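Novice: Take this structure first; my questions come after.
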């Protein structure tokens, strides 16, 4: 079974998780990069990012290579913004018809909202099987050993459903 990890990361949290998962899954990986990203590391990220997420904006993305039809399993990683997925993920989902796949969802956040985020992703991904979900709270600030163990267990479930 061929696996693809698609993710967006503003400040490195989701990127860290995606890269660790890639090691366990031997998966292909695509980082989504908006042509015009919001500023990281200050209050503006909450204002611009939250507004973009709430209004369902779909930023134009840098070119990426992902032939969805070539994969059986797709892992989607996103930060949680205003209780939903990042706008770059919204762009990806609108540009790609994803049907009949096993989907695993990964959310990183600093203060909650992952349940609502997962619910919104599940709505967008109807026609697929959501096989697993995992959230991480500020993973770049957490215990590497604990995070690595959680990732390892999650990936074990992907490899042996």
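Please treat every number below as a calculation from the coordinates, not as lab data. A quick note: this is a predicted structure, and the numbers were derived from the prediction, not measured. Cβ atoms come from the backbone with ideal geometry, glycine included; neighbour counts cover every protein chain shown.
Novice: Give me 149, 57, 15 ranked fewest to most by other Cβ atoms within 10 Å of their Cβ, as a rough exposure proxy.
Specialist: Working: 149 11, 57 15, 15 20.
In order of increasing Cβ crowding within 10 Å: 149, 57, 15.
Novice: For each of 70, 138, 37, count neighbouring Cβ atoms within 10 Å of the residue's Cβ, then give the residues from fewest to most.
Specialist: Details: 70 9, 138 12, 37 16.
Ordered from fewest to most neighbouring Cβ atoms within 10 Å, 70, 138, 37 come out as 70, 138, 37.
Novice: Which value, in nm² and rounded to one decimal, describes the direction-averaged projected area of the C-alpha convex hull of segment 112-157? Let's see the in-between values first.
Specialist: Details: hull surface 15.1 nm².
Average projection, Cα convex hull of segment 112-157: 3.8 nm².
Novice: While we're looking at this one, here's another question. Take the alpha carbon atoms of segment 107-161, find their center, do the same for segment 1-15, and report the distance between the two centers in whole angstrom.
Specialist: Taking the Cα centre of each part, segment 107-161 and segment 1-15 sit 11 Å apart.
Novice: Also, quick follow-up: Fewest first, what order do 137, 106 take by the number of other Cβ atoms within 10 Å?
Specialist: Details: 137 15, 106 24.
Result, fewest neighbours first: 137, 106.
Novice: In the chain, what is the volume of the convex hull around the alpha carbon atoms, normalised per residue and reported in Å³?
Specialist: Working: hull volume 15.9 nm³, N = 161.
Spread over its residues, the Cα hull of the chain gives 99 Å³ apiece.
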